Amino acid sequence: MRRNTIKEVFHTMRKTGVYVTSTTLGEPVQAFVPHALPPAKPALVPDSFDAANRAAELALARLSGVSGLVPSVDWLLYSAVRKEALLTSQIEGTQASLADLFDGEAGFAVSNTDDVEEVTNYLQAFRQVRTQLRDPAGLPISVRLLCDAHRLLLDGARGTGKQPGELRRSQNWIGGTRPGNAVFVPPPADRVPALLAGLEQFIHGLAGELPPLVRIALVHVQFETIHPFLDGNGRIGRLLIAALLEHWRLLPEPLLYLSGYLKQHQAEYYRRLSNVRTEGDWEGWVSFFLEAVVVAAADAEQGVVAIASQVAANRRSLLASAKAGPASYRLFEMLPMMPRFTIEQVRQRLDTSFPTANAAVKVLEDLGIVAEMTGQKKNRTFSYQPYIALLTR
């Protein structure tokens, strides 16, 4: 049986929660139970984030505007969502590369199948969340929606025994070899439903003076502190960031891959999260988060420009080719969403004959737009290599 006693946490600036002594695996631990949002005693001062918040909102607006440079926003979404899926998974130790993901989607053999599956699961979870939020009859951002996403995220062998789609029913901990030497112990399982209900209320409540990006920053820390699942909390927490950016109309499409910045500054990311709990330093975390948005949005904007330039240059060379025809034109327009492929896949996508598909690929290969990857005469695979190089640099 769990024994609970409450001991106040004293911080130099503010109290962000209380510790509850609970017993798990036969030893007592100090589990942290966060106070409800927004921060209080003292409250956050919105004016202190004005300049940083304006810079972040402007960076997102620029990213939204530059998406018009390409003929199809679906091209950008294909790459941006996959980069975020890959990077958020890499933060948790997944070793798959973007090329691995493209190979897996094309049906090619990959060595790290489990890692690719994890990234693919994230894509499915994110797609489910977006579908629900865009459907007038769909689920709002809620505990139920996050549980549905979690079920998809942990689908497969690695999710066995980790209660996919369910709030945890036992005490978890972060770091350390056992509960007693853990770096952080989240709230006891019996506190989780009420804490998530409070977080849901904050998301859908009156905004007050806090701007949306600041609120998203607060939500992320609160979710990670609650740590409501046995596994996958980091990825679901970062998925929630992407969902809220779209839900609160800061981005019309999920073009931002924020996890790139968080991965690059992973130690600082974790330190800032920890400082909220141990020192009450919400201000330090919010400043870090807003800077992450500024840098990630600028990187994504440069990526859009680079992709638009690359595709435009390839299109010009194709249009100038005397050998190009309708099939090669149609194939080229598919490449940004089909960067790895076989002749048979082209035949199916174009709904044409094998010789016509083969000829269309040959035109693009001769122009240096695509490259054959196997060096074989049979079972050949092709790659839109300049595009993949841009996405992986």
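Here is how the numbers come out for the structure above:
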quantity: Residues of the range 346-360 satisfying the condition of being among the polar types (S, T, N, Q) and in a helix (DSSP H, G or I); calculated: Gln348, Thr356, Asn358
quantity: Count - residues of the range 336-393 that are surrounded by fewer than 18 Cβ atoms within 10 Å (Cβ to Cβ) and of a type in the set (Gly, Ala, Ser); calculated: 6
quantity: The range 257-272 - residue that is surrounded by 18 or more Cβ atoms within 10 Å (Cβ to Cβ) and either in contact with a strand residue (DSSP E or B) (Cβ under 8 Å, 6 or more places away or on another chain) or in contact (Cβ under 8 Å) with a residue 12 or more places away in the chain (or both) and, of those, farthest from Leu364 (Cα to Cα); calculated: Arg272
quantity: Of all residues in the range 195-210 being surrounded by fewer than 19 Cβ atoms within 10 Å (Cβ to Cβ) and over 16 Å from Pro34 (Cα atoms), the one that is modelled with the lowest pLDDT; calculated: Ala207
quantity: In the range 361-393, the residues that are outside any helix (DSSP H, G or I) and closer than 20 Å to Arg82 by Cα; calculated: Phe382, Ser383, Tyr384, Arg393
quantity: Sole residue being touching an Asp or Glu at 6+ places or on another chain (Cβ under 9 Å) and of a type in the set (Ser, Thr, Tyr), chosen from Thr88, Thr94; calculated: Thr94
quantity: Filter result for the condition that a residue is within 30 Å of Leu63 (Cβ to Cβ), touching an Asp or Glu at 6+ places or on another chain (Cβ under 9 Å) and among the aromatic types (Phe, Trp, Tyr), over Phe382, Phe332, Phe288; calculated: Phe288
quantity: Odd one out for Asp155, checked against (1) without any contact (Cβ under 8 Å) to a residue 24 or more places away in the chain; (2) assigned to a loop (DSSP other than H, G, I, E, B); calculated: (1)
quantity: Any hit, the range 28-51, residues being closer than 27 Å to Ala182 by Cα, β-branched (Val, Ile, Thr) and surrounded by 15 or more Cβ atoms within 10 Å (Cβ to Cβ); calculated: yes
quantity: Criterion (of a type in the set (Gly, Ala, Ser) and either at positive phi or crowded, with 17+ Cβ neighbours inside 10 Å (or both)) met by exactly one of Ala292, Ala312, Ala320; calculated: Ala292
quantity: Residue count, the range 271-329 (criterion: part of a loop (DSSP other than H, G, I, E, B) and among the hydrophobic types (A, V, I, L, M, F, W, C)); calculated: 3
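The values are calculated or read from the model by the stated rules, or taken from the named source; none is laboratory data. Since we're looking at a predicted model, the values are computed, not measured. Neighbour counts run over all protein chains shown; Cβ positions are idealised from the backbone, glycine included.
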